[in-house]
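Visitor: Dumping the structure here so I can ask a few things about it.
The values are calculated or read from the model by the stated rules, or taken from the named source; none is laboratory data. Predicted model only: the values in this text are computed from it and were never measured. Here Cβ is always computed from backbone atoms with ideal geometry, including for glycine, and neighbour counts include all displayed protein chains. Note: accessible area is taken over every heavy atom of the protein model, side chains too, but ligands, DNA and RNA are not part of it. Shrake-Rupley method; radii C 1.70, N 1.55, O 1.52, S 1.80 Å.
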Amino acid sequence: MLFLSGSGALTAFTSSAGLAALGLISFAGNTSDAEEVQVLFSLATTFGLIFLLLIPSIILAAIHLLGKPLPDLNYPWFLRVSGIAFCLVPVFILVGFLIMRTPPAAAFILPWFQLAVVAIPIWWVVELGRQGLPPLPSERGWGLFSLTVTLAMPAIIIIEMLLVAGIVAGIFVYIGITYPDISQQVLRTLERLGNSSSMDRETVLRILRPYLSQPGVIYSLLAITAGAVPLLEEFFKPLALWFLAGKKLTPHEGFVGGMICGAAFALLESLGAMGNPGTDSWPIVAVGRIGTGILHISASGMVGWGLAQAWTEGRYLRLAAAYLLAVGFHAIWNMTALVAGLKELAQFSPVLIKQFEGFMLVSPGILVFLAGSMVIWVVRTNQELRTPQY
(Lines give C-alpha, C1' and ligand atoms only; values in the text may rest on other atoms or scores of the structure.)
Protein backbone atom coordinates (compact mmCIF):
# COMPACT_ATOMS: atom_id res chain seq x y z
CA MET A 1 0.00 0.00 0.00
CA LEU A 2 2.83 2.36 0.82
CA PHE A 3 4.44 1.70 -2.55
CA LEU A 4 1.24 1.98 -4.60
CA SER A 5 -0.06 5.07 -2.81
CA GLY A 6 3.36 6.70 -2.78
CA SER A 7 4.03 6.15 -6.47
CA GLY A 8 0.48 7.25 -7.31
CA ALA A 9 0.84 10.40 -5.20
CA LEU A 10 4.19 11.22 -6.80
CA THR A 11 2.75 10.79 -10.28
CA ALA A 12 -0.30 12.88 -9.41
CA PHE A 13 1.80 15.68 -7.86
CA THR A 14 4.21 15.94 -10.80
CA SER A 15 1.31 15.82 -13.28
CA SER A 16 -0.57 18.53 -11.41
CA ALA A 17 2.47 20.80 -11.17
CA GLY A 18 3.43 20.24 -14.81
CA LEU A 19 -0.07 20.90 -16.15
CA ALA A 20 -0.46 24.02 -13.99
CA ALA A 21 2.90 25.34 -15.19
CA LEU A 22 1.97 24.62 -18.81
CA GLY A 23 -1.34 26.42 -18.31
CA LEU A 24 0.38 29.49 -16.86
CA ILE A 25 2.93 29.55 -19.68
CA SER A 26 0.21 29.23 -22.31
CA PHE A 27 -1.87 31.96 -20.68
CA ALA A 28 1.05 34.36 -20.27
CA GLY A 29 2.36 33.78 -23.77
CA ASN A 30 -1.06 33.82 -25.48
CA THR A 31 -0.08 30.57 -27.23
CA SER A 32 -3.56 29.04 -26.77
CA ASP A 33 -7.10 30.20 -26.20
CA ALA A 34 -8.82 30.41 -22.80
CA GLU A 35 -10.67 27.14 -23.35
CA GLU A 36 -7.42 25.18 -23.73
CA VAL A 37 -5.97 26.86 -20.65
CA GLN A 38 -9.10 25.90 -18.73
CA VAL A 39 -8.64 22.25 -19.74
CA LEU A 40 -5.05 22.32 -18.50
CA PHE A 41 -6.06 23.80 -15.14
CA SER A 42 -8.98 21.37 -14.83
CA LEU A 43 -6.58 18.47 -15.24
CA ALA A 44 -4.10 20.10 -12.85
CA THR A 45 -6.69 20.47 -10.08
CA THR A 46 -7.90 16.90 -10.66
CA PHE A 47 -4.41 15.47 -10.24
CA GLY A 48 -3.90 17.77 -7.24
CA LEU A 49 -7.00 16.35 -5.57
CA ILE A 50 -5.82 12.79 -6.27
CA PHE A 51 -2.48 13.64 -4.65
CA LEU A 52 -4.19 14.94 -1.50
CA LEU A 53 -6.54 11.95 -1.27
CA LEU A 54 -3.66 9.46 -1.52
CA ILE A 55 -1.78 11.00 1.40
CA PRO A 56 -3.91 9.37 4.18
CA SER A 57 -3.19 5.86 2.89
CA ILE A 58 0.54 6.69 2.73
CA ILE A 59 0.54 7.91 6.32
CA LEU A 60 -1.54 5.00 7.63
CA ALA A 61 0.61 2.43 5.80
CA ALA A 62 3.78 4.01 7.22
CA ILE A 63 2.34 4.00 10.76
CA HIS A 64 1.39 0.34 10.34
CA LEU A 65 4.90 -0.58 9.19
CA LEU A 66 6.35 1.21 12.21
CA GLY A 67 4.14 -0.86 14.51
CA LYS A 68 2.39 2.17 15.97
CA PRO A 69 -1.34 2.27 16.85
CA LEU A 70 -3.45 3.43 13.92
CA PRO A 71 -5.63 6.53 14.37
CA ASP A 72 -9.36 6.39 13.70
CA LEU A 73 -10.23 8.85 10.94
CA ASN A 74 -13.98 8.14 10.96
CA TYR A 75 -15.89 11.02 12.51
CA PRO A 76 -19.66 11.05 13.19
CA TRP A 77 -20.05 14.65 12.05
CA PHE A 78 -19.02 13.79 8.48
CA LEU A 79 -22.63 13.08 7.48
CA ARG A 80 -23.91 16.40 8.83
CA VAL A 81 -21.16 18.44 7.16
CA SER A 82 -21.45 16.58 3.84
CA GLY A 83 -25.24 17.05 3.91
CA ILE A 84 -24.90 20.80 4.44
CA ALA A 85 -22.31 21.00 1.66
CA PHE A 86 -24.59 18.98 -0.65
CA CYS A 87 -27.35 21.57 -0.17
CA LEU A 88 -24.93 24.20 -1.49
CA VAL A 89 -24.12 22.29 -4.69
CA PRO A 90 -26.91 24.01 -6.73
CA VAL A 91 -25.35 27.35 -5.75
CA PHE A 92 -21.94 26.13 -6.89
CA ILE A 93 -23.42 25.05 -10.24
CA LEU A 94 -25.09 28.44 -10.75
CA VAL A 95 -21.97 30.40 -9.84
CA GLY A 96 -19.83 28.11 -12.01
CA PHE A 97 -22.17 28.69 -14.95
CA LEU A 98 -21.87 32.47 -14.51
CA ILE A 99 -18.10 32.29 -14.18
CA MET A 100 -17.85 30.21 -17.34
CA ARG A 101 -19.26 33.09 -19.37
CA THR A 102 -16.07 35.07 -18.68
CA PRO A 103 -13.36 32.83 -20.23
CA PRO A 104 -10.23 34.34 -18.59
CA ALA A 105 -11.71 33.95 -15.11
CA ALA A 106 -13.20 30.56 -15.92
CA ALA A 107 -9.79 29.15 -16.82
CA PHE A 108 -8.54 29.67 -13.25
CA ILE A 109 -11.67 29.62 -11.08
CA LEU A 110 -14.06 27.12 -12.68
CA PRO A 111 -11.89 24.02 -11.99
CA TRP A 112 -12.33 24.59 -8.24
CA PHE A 113 -16.11 24.71 -8.61
CA GLN A 114 -15.94 21.50 -10.65
CA LEU A 115 -14.11 19.79 -7.79
CA ALA A 116 -16.84 20.85 -5.37
CA VAL A 117 -19.74 19.90 -7.67
CA VAL A 118 -18.30 16.42 -8.27
CA ALA A 119 -16.74 15.56 -4.90
CA ILE A 120 -19.39 16.80 -2.46
CA PRO A 121 -22.32 14.63 -3.72
CA ILE A 122 -20.02 11.59 -3.81
CA TRP A 123 -18.93 12.22 -0.22
CA TRP A 124 -22.53 12.72 0.92
CA VAL A 125 -23.80 9.47 -0.63
CA VAL A 126 -20.95 7.47 0.95
CA GLU A 127 -21.67 9.00 4.36
CA LEU A 128 -25.38 8.33 3.87
CA GLY A 129 -24.63 4.66 3.19
CA ARG A 130 -22.34 4.08 6.15
CA GLN A 131 -24.15 6.09 8.83
CA GLY A 132 -24.78 4.07 12.00
CA LEU A 133 -22.76 1.08 10.77
CA PRO A 134 -19.54 -0.09 12.45
CA PRO A 135 -16.89 1.93 10.64
CA LEU A 136 -14.28 0.30 8.47
CA PRO A 137 -10.77 0.61 9.93
CA SER A 138 -9.26 3.79 8.51
CA GLU A 139 -6.36 1.94 6.92
CA ARG A 140 -8.76 -0.40 5.13
CA GLY A 141 -11.10 2.34 3.88
CA TRP A 142 -8.35 4.59 2.55
CA GLY A 143 -6.55 1.55 1.19
CA LEU A 144 -9.60 0.60 -0.89
CA PHE A 145 -9.75 4.14 -2.27
CA SER A 146 -6.05 4.13 -3.15
CA LEU A 147 -6.14 0.70 -4.80
CA THR A 148 -9.10 1.77 -6.93
CA VAL A 149 -7.28 4.91 -8.05
CA THR A 150 -3.91 3.26 -8.70
CA LEU A 151 -4.97 -0.21 -9.94
CA ALA A 152 -8.66 -0.64 -10.76
CA MET A 153 -9.17 2.62 -12.66
CA PRO A 154 -6.15 2.16 -14.99
CA ALA A 155 -7.18 -1.48 -15.58
CA ILE A 156 -10.71 -0.44 -16.55
CA ILE A 157 -9.45 2.28 -18.90
CA ILE A 158 -7.01 -0.08 -20.64
CA ILE A 159 -9.57 -2.89 -21.00
CA GLU A 160 -12.27 -0.55 -22.33
CA MET A 161 -9.83 0.96 -24.85
CA LEU A 162 -8.82 -2.52 -26.02
CA LEU A 163 -12.48 -3.53 -26.25
CA VAL A 164 -13.45 -0.50 -28.33
CA ALA A 165 -10.35 -0.87 -30.52
CA GLY A 166 -11.18 -4.54 -31.08
CA ILE A 167 -14.79 -3.78 -32.00
CA VAL A 168 -13.78 -0.96 -34.35
CA ALA A 169 -11.12 -3.15 -35.97
CA GLY A 170 -13.64 -5.95 -36.43
CA ILE A 171 -16.13 -3.57 -38.02
CA PHE A 172 -13.45 -2.22 -40.39
CA VAL A 173 -12.44 -5.74 -41.43
CA TYR A 174 -16.07 -6.72 -42.02
CA ILE A 175 -16.79 -3.56 -44.03
CA GLY A 176 -13.57 -3.91 -45.99
CA ILE A 177 -14.44 -7.46 -47.05
CA THR A 178 -18.17 -7.03 -47.59
CA TYR A 179 -18.47 -3.40 -48.74
CA PRO A 180 -15.15 -2.16 -50.23
CA ASP A 181 -16.69 1.11 -51.44
CA ILE A 182 -17.94 1.99 -47.96
CA SER A 183 -14.54 1.10 -46.55
CA GLN A 184 -12.89 3.69 -48.80
CA GLN A 185 -15.52 6.24 -47.79
CA VAL A 186 -14.79 5.62 -44.08
CA LEU A 187 -11.07 6.09 -44.67
CA ARG A 188 -11.73 9.38 -46.46
CA THR A 189 -13.89 10.51 -43.55
CA LEU A 190 -11.12 9.73 -41.08
CA GLU A 191 -8.71 11.65 -43.27
CA ARG A 192 -11.06 14.66 -43.30
CA LEU A 193 -11.26 14.55 -39.49
CA GLY A 194 -7.49 14.38 -39.24
CA ASN A 195 -6.92 17.23 -41.69
CA SER A 196 -9.64 19.52 -40.36
CA SER A 197 -8.09 22.72 -39.04
CA SER A 198 -11.18 23.46 -36.96
CA MET A 199 -12.24 20.52 -34.82
CA ASP A 200 -15.22 22.24 -33.24
CA ARG A 201 -18.39 20.30 -32.60
CA GLU A 202 -20.26 21.57 -35.66
CA THR A 203 -17.43 20.56 -37.99
CA VAL A 204 -17.24 17.05 -36.55
CA LEU A 205 -21.02 16.61 -36.74
CA ARG A 206 -21.09 17.75 -40.36
CA ILE A 207 -18.39 15.23 -41.32
CA LEU A 208 -20.03 12.40 -39.40
CA ARG A 209 -23.57 13.18 -40.56
CA PRO A 210 -23.80 10.35 -43.18
CA TYR A 211 -22.95 7.75 -40.53
CA LEU A 212 -25.28 9.08 -37.86
CA SER A 213 -28.21 8.28 -40.14
CA GLN A 214 -27.28 4.57 -40.24
CA PRO A 215 -29.19 2.30 -37.82
CA GLY A 216 -26.19 0.00 -37.39
CA VAL A 217 -24.02 2.85 -36.07
CA ILE A 218 -26.62 3.92 -33.51
CA TYR A 219 -27.34 0.40 -32.32
CA SER A 220 -23.63 -0.46 -32.09
CA LEU A 221 -23.08 2.61 -29.95
CA LEU A 222 -25.94 1.59 -27.68
CA ALA A 223 -24.64 -1.99 -27.46
CA ILE A 224 -21.19 -0.86 -26.36
CA THR A 225 -22.39 1.84 -23.96
CA ALA A 226 -25.28 -0.04 -22.38
CA GLY A 227 -23.92 -3.57 -22.77
CA ALA A 228 -20.17 -4.10 -22.70
CA VAL A 229 -19.26 -1.09 -20.55
CA PRO A 230 -21.55 -1.92 -17.56
CA LEU A 231 -20.42 -5.56 -17.59
CA LEU A 232 -16.75 -4.56 -17.46
CA GLU A 233 -17.01 -1.67 -15.02
CA GLU A 234 -19.17 -3.46 -12.45
CA PHE A 235 -16.75 -6.39 -12.51
CA PHE A 236 -13.57 -4.34 -12.10
CA LYS A 237 -14.71 -1.40 -9.94
CA PRO A 238 -14.65 -3.45 -6.69
CA LEU A 239 -11.29 -4.98 -7.68
CA ALA A 240 -9.66 -3.57 -4.53
CA LEU A 241 -12.03 -5.64 -2.36
CA TRP A 242 -10.40 -8.82 -3.66
CA PHE A 243 -7.34 -7.96 -1.57
CA LEU A 244 -9.61 -8.52 1.45
CA ALA A 245 -11.07 -11.82 0.21
CA GLY A 246 -9.53 -13.76 3.10
CA LYS A 247 -10.55 -11.28 5.81
CA LYS A 248 -14.08 -12.68 6.37
CA LEU A 249 -15.80 -9.43 5.49
CA THR A 250 -19.19 -8.83 7.06
CA PRO A 251 -22.04 -7.74 4.74
CA HIS A 252 -21.81 -4.15 5.96
CA GLU A 253 -18.04 -4.10 5.35
CA GLY A 254 -18.57 -5.36 1.82
CA PHE A 255 -21.32 -2.79 1.23
CA VAL A 256 -19.32 0.17 2.55
CA GLY A 257 -16.10 -1.05 0.93
CA GLY A 258 -17.87 -1.37 -2.42
CA MET A 259 -19.25 2.15 -2.09
CA ILE A 260 -15.74 3.50 -1.44
CA CYS A 261 -14.47 1.75 -4.59
CA GLY A 262 -17.38 3.19 -6.58
CA ALA A 263 -16.77 6.64 -5.12
CA ALA A 264 -13.11 6.61 -6.18
CA PHE A 265 -14.08 5.54 -9.70
CA ALA A 266 -16.88 8.11 -9.94
CA LEU A 267 -14.62 10.91 -8.75
CA LEU A 268 -12.01 10.36 -11.44
CA GLU A 269 -14.50 9.63 -14.23
CA SER A 270 -16.66 12.68 -13.49
CA LEU A 271 -13.76 15.12 -13.16
CA GLY A 272 -12.41 13.83 -16.46
CA ALA A 273 -15.80 14.22 -18.15
CA MET A 274 -16.19 17.80 -16.92
CA GLY A 275 -12.80 18.94 -18.14
CA ASN A 276 -14.03 20.71 -21.26
CA PRO A 277 -17.82 21.07 -21.59
CA GLY A 278 -19.39 23.87 -23.63
CA THR A 279 -20.55 27.01 -21.87
CA ASP A 280 -24.24 26.25 -22.28
CA SER A 281 -23.90 22.56 -21.44
CA TRP A 282 -21.81 22.92 -18.25
CA PRO A 283 -24.78 22.98 -15.81
CA ILE A 284 -26.37 19.98 -17.57
CA VAL A 285 -23.12 18.03 -17.45
CA ALA A 286 -22.65 18.97 -13.78
CA VAL A 287 -26.11 17.73 -12.80
CA GLY A 288 -25.63 14.60 -14.88
CA ARG A 289 -22.34 13.78 -13.16
CA ILE A 290 -24.07 13.95 -9.76
CA GLY A 291 -26.41 11.20 -10.92
CA THR A 292 -23.55 9.21 -12.41
CA GLY A 293 -21.69 9.38 -9.09
CA ILE A 294 -24.76 8.04 -7.28
CA LEU A 295 -24.96 5.22 -9.84
CA HIS A 296 -21.34 4.13 -9.41
CA ILE A 297 -21.45 4.24 -5.62
CA SER A 298 -24.71 2.31 -5.25
CA ALA A 299 -23.87 -0.27 -7.94
CA SER A 300 -20.45 -1.00 -6.43
CA GLY A 301 -22.09 -1.17 -3.01
CA MET A 302 -24.37 -3.91 -4.37
CA VAL A 303 -21.45 -5.91 -5.75
CA GLY A 304 -19.37 -5.39 -2.58
CA TRP A 305 -22.27 -6.63 -0.45
CA GLY A 306 -22.57 -9.68 -2.74
CA LEU A 307 -18.84 -10.39 -2.54
CA ALA A 308 -18.91 -10.34 1.26
CA GLN A 309 -21.92 -12.69 1.27
CA ALA A 310 -20.13 -15.08 -1.11
CA TRP A 311 -16.79 -15.10 0.73
CA THR A 312 -18.21 -15.34 4.25
CA GLU A 313 -21.35 -17.43 3.79
CA GLY A 314 -20.84 -19.10 0.42
CA ARG A 315 -23.86 -17.34 -1.12
CA TYR A 316 -22.56 -17.17 -4.68
CA LEU A 317 -26.02 -16.99 -6.20
CA ARG A 318 -26.61 -13.83 -4.19
CA LEU A 319 -23.35 -12.44 -5.55
CA ALA A 320 -24.47 -13.24 -9.10
CA ALA A 321 -27.83 -11.56 -8.46
CA ALA A 322 -26.15 -8.47 -7.00
CA TYR A 323 -23.76 -8.22 -9.95
CA LEU A 324 -26.55 -8.59 -12.53
CA LEU A 325 -28.69 -6.03 -10.69
CA ALA A 326 -25.79 -3.56 -10.66
CA VAL A 327 -25.15 -4.18 -14.37
CA GLY A 328 -28.86 -3.74 -15.10
CA PHE A 329 -29.04 -0.38 -13.31
CA HIS A 330 -25.85 0.73 -15.04
CA ALA A 331 -27.08 -0.37 -18.47
CA ILE A 332 -30.41 1.44 -18.12
CA TRP A 333 -28.62 4.57 -16.92
CA ASN A 334 -26.07 4.54 -19.75
CA MET A 335 -28.71 3.90 -22.41
CA THR A 336 -30.95 6.67 -21.10
CA ALA A 337 -28.07 9.14 -20.73
CA LEU A 338 -26.81 8.31 -24.23
CA VAL A 339 -30.23 8.82 -25.81
CA ALA A 340 -30.61 12.10 -23.90
CA GLY A 341 -27.21 13.21 -25.19
CA LEU A 342 -28.11 12.26 -28.75
CA LYS A 343 -30.96 14.77 -28.80
CA GLU A 344 -28.68 17.31 -30.43
CA LEU A 345 -27.76 14.77 -33.13
CA ALA A 346 -31.37 13.93 -33.97
CA GLN A 347 -31.44 16.58 -36.68
CA PHE A 348 -28.81 14.54 -38.57
CA SER A 349 -30.32 11.11 -38.01
CA PRO A 350 -33.78 9.96 -39.17
CA VAL A 351 -33.24 6.80 -37.10
CA LEU A 352 -33.07 8.84 -33.90
CA ILE A 353 -36.09 10.93 -34.81
CA LYS A 354 -38.20 7.95 -35.77
CA GLN A 355 -37.34 5.44 -33.04
CA PHE A 356 -36.06 7.45 -30.07
CA GLU A 357 -37.96 10.75 -30.19
CA GLY A 358 -40.36 9.80 -27.39
CA PHE A 359 -37.56 8.33 -25.30
CA MET A 360 -35.54 11.53 -25.72
CA LEU A 361 -38.41 13.59 -24.29
CA VAL A 362 -38.76 11.50 -21.13
CA SER A 363 -35.08 10.54 -20.68
CA PRO A 364 -34.22 13.38 -18.23
CA GLY A 365 -37.13 12.31 -16.01
CA ILE A 366 -35.98 8.69 -16.16
CA LEU A 367 -32.48 9.70 -15.06
CA VAL A 368 -33.84 11.69 -12.11
CA PHE A 369 -36.04 8.74 -11.12
CA LEU A 370 -33.11 6.31 -11.33
CA ALA A 371 -30.85 8.57 -9.25
CA GLY A 372 -33.55 9.01 -6.60
CA SER A 373 -34.23 5.27 -6.55
CA MET A 374 -30.56 4.48 -6.01
CA VAL A 375 -30.30 6.94 -3.11
CA ILE A 376 -33.36 5.30 -1.54
CA TRP A 377 -31.75 1.88 -2.06
CA VAL A 378 -28.57 3.02 -0.30
CA VAL A 379 -30.60 4.30 2.67
CA ARG A 380 -32.76 1.16 2.86
CA THR A 381 -29.72 -1.12 2.65
CA ASN A 382 -28.04 0.87 5.40
CA GLN A 383 -31.11 0.45 7.60
CA GLU A 384 -31.27 -3.28 6.88
CA LEU A 385 -27.59 -3.80 7.70
CA ARG A 386 -28.10 -2.08 11.07
CA THR A 387 -30.62 -4.77 12.14
CA PRO A 388 -29.44 -7.42 14.68
CA GLN A 389 -29.12 -10.31 12.15
CA TYR A 390 -26.24 -8.46 10.52
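Visitor: For segment 19-37, indicate whether the set of residues that are within 26 Å of Ser138 (Cα to Cα), of a type outside the set (Val, Ile, Thr) and either open to solvent by 50 Å² or more (accessible area, probe 1.4 Å) or part of a loop (DSSP other than H, G, I, E, B) (or both) is non-empty. Give the derivation first.
Guide: Initial filter on segment 19-37 (within 26 Å of Ser138 (Cα to Cα)): none.
No, segment 19-37 contains no residue that is within 26 Å of Ser138 (Cα to Cα), of a type outside the set (Val, Ile, Thr) and either open to solvent by 50 Å² or more (accessible area, probe 1.4 Å) or part of a loop (DSSP other than H, G, I, E, B) (or both).
Visitor: Okay, moving on. Only one of these is in contact (Cβ under 8 Å) with a residue 24 or more places away in the chain and surrounded by fewer than 21 Cβ atoms within 10 Å (Cβ to Cβ): Phe3, Phe41, Phe86. Name it. Before the answer, list the steps.
Guide: On the way: Phe3 fails: in contact (Cβ under 8 Å) with a residue 24 or more places away in the chain; Phe41 fails: surrounded by fewer than 21 Cβ atoms within 10 Å (Cβ to Cβ).
Going through Phe3, Phe41, Phe86 in turn, the sole match is Phe86.
Visitor: Starting from segment 99-121, take each residue that is closer than 17 Å to Gly288 by Cα and aromatic (Phe, Trp, Tyr) and list its partners that are open to solvent by less than 10 Å² (accessible area, probe 1.4 Å) and in a helix (DSSP H, G or I), counting only C-beta distances under 6 angstrom and pairs at least six apart or across chains.
Guide: Qualifying pairs under 6 Å: Phe113/Gly96.
Visitor: I've got another one for you. When you go through Leu324, Leu319, Leu295 one by one, which is the residue that is at negative phi and open to solvent by 50 Å² or more (accessible area, probe 1.4 Å)? Break it down stepwise before answering.
Guide: Working: Leu319 fails: open to solvent by 50 Å² or more (accessible area, probe 1.4 Å); Leu295 fails: open to solvent by 50 Å² or more (accessible area, probe 1.4 Å).
Exactly one of Leu324, Leu319, Leu295 is at negative phi and open to solvent by 50 Å² or more (accessible area, probe 1.4 Å), namely Leu324.
Visitor: While we're here: Out of all the residues in segment 131-141, is one or more surrounded by 13 or more Cβ atoms within 10 Å (Cβ to Cβ), modelled with pLDDT of 90 or more and farther than 24 Å from Gly254 by Cβ?
Guide: no
Visitor: Ok, one more. Can you spot a residue in segment 53-72 that is under 21 Å from the mean Cα position of the chain (by Cα), closer than 17 Å to Arg140 by Cβ and not small (Gly, Ala, Ser)? Quick ask: steps written out before the conclusion?
Guide: Going through segment 53-72, the residues under 21 Å from the mean Cα position of the chain (by Cα) turn out to be 53-54.
Still in the list and also closer than 17 Å to Arg140 by Cβ: 53-54.
From what is left, the residues that are not small (Gly, Ala, Ser) are 53-54.
Looking for residues that are under 21 Å from the mean Cα position of the chain (by Cα), closer than 17 Å to Arg140 by Cβ and not small (Gly, Ala, Ser), one finds at least one in segment 53-72, hence yes.
Visitor: Okay, next question. Could you tell me which residue of segment 261-283 is farthest from Gly143 (Cα to Cα), considering only residues that are open to solvent by 20 Å² or more (accessible area, probe 1.4 Å) and assigned to a helix (DSSP H, G or I)?
Guide: Filtering segment 261-283 for residues open to solvent by 20 Å² or more (accessible area, probe 1.4 Å) gives 268-269, 272-273, 276, 278-281, 283.
Narrowing further to those that are assigned to a helix (DSSP H, G or I): 268-269, 272-273, 283.
Details: Leu268: 16, Glu269: 19, Gly272: 22, Ala273: 25, Pro283: 33 Å.
By that ranking, first place goes to Pro283.
Visitor: A further question follows. Given the structure, is Leu317 under 24 Å from Leu128 (Cα atoms) and assigned to a helix (DSSP H, G or I)?
Guide: Details: under 24 Å from Leu128 (Cα atoms): no; assigned to a helix (DSSP H, G or I): yes.
Against the criterion (under 24 Å from Leu128 (Cα atoms) and assigned to a helix (DSSP H, G or I)), Leu317 does not qualify.
Visitor: Please find, among Gly96, Gly143, Gly83, the residue that is under 20 Å from Met374 (Cα atoms), more than 16 Å from the chain's Cα centre (by Cα) and assigned to a helix (DSSP H, G or I). Don't jump to the end; show me each part of the working.
Guide: Values: Gly96 fails: under 20 Å from Met374 (Cα atoms); Gly143 fails: under 20 Å from Met374 (Cα atoms).
On inspection, the qualifying residue turns out to be Gly83.
Visitor: Among the residues of segment 136-157, write down those that are more than 25 Å from Pro230 (Cβ to Cβ) and not hydrophobic (A, V, I, L, M, F, W, C). Spell out the reasoning first.
Guide: Restricting attention to segment 136-157, the residues satisfying the condition of being more than 25 Å from Pro230 (Cβ to Cβ) are 136-143.
Correct list: Pro137, Ser138, Glu139, Arg140, Gly141, Gly143.
Visitor: Okay, moving on. For Ile158, indicate whether it is surrounded by fewer than 15 Cβ atoms within 10 Å (Cβ to Cβ) and modelled with pLDDT of 90 or more. Talk me through it step by step, then tell me what you get.
Guide: Values: surrounded by fewer than 15 Cβ atoms within 10 Å (Cβ to Cβ): yes; modelled with pLDDT of 90 or more: yes.
So Ile158 fits the description; yes.
Visitor: Additional query: Pairs under 7 Å by beta carbon, first residue closer than 18 Å to Ala263 by Cα and open to solvent by less than 50 Å² (accessible area, probe 1.4 Å) in segment 231-252, partner of a type in the set (Val, Ile, Thr) and in a loop (DSSP other than H, G, I, E, B), six or more apart or different chains?
Guide: Short answer, once both residue conditions are applied: none.
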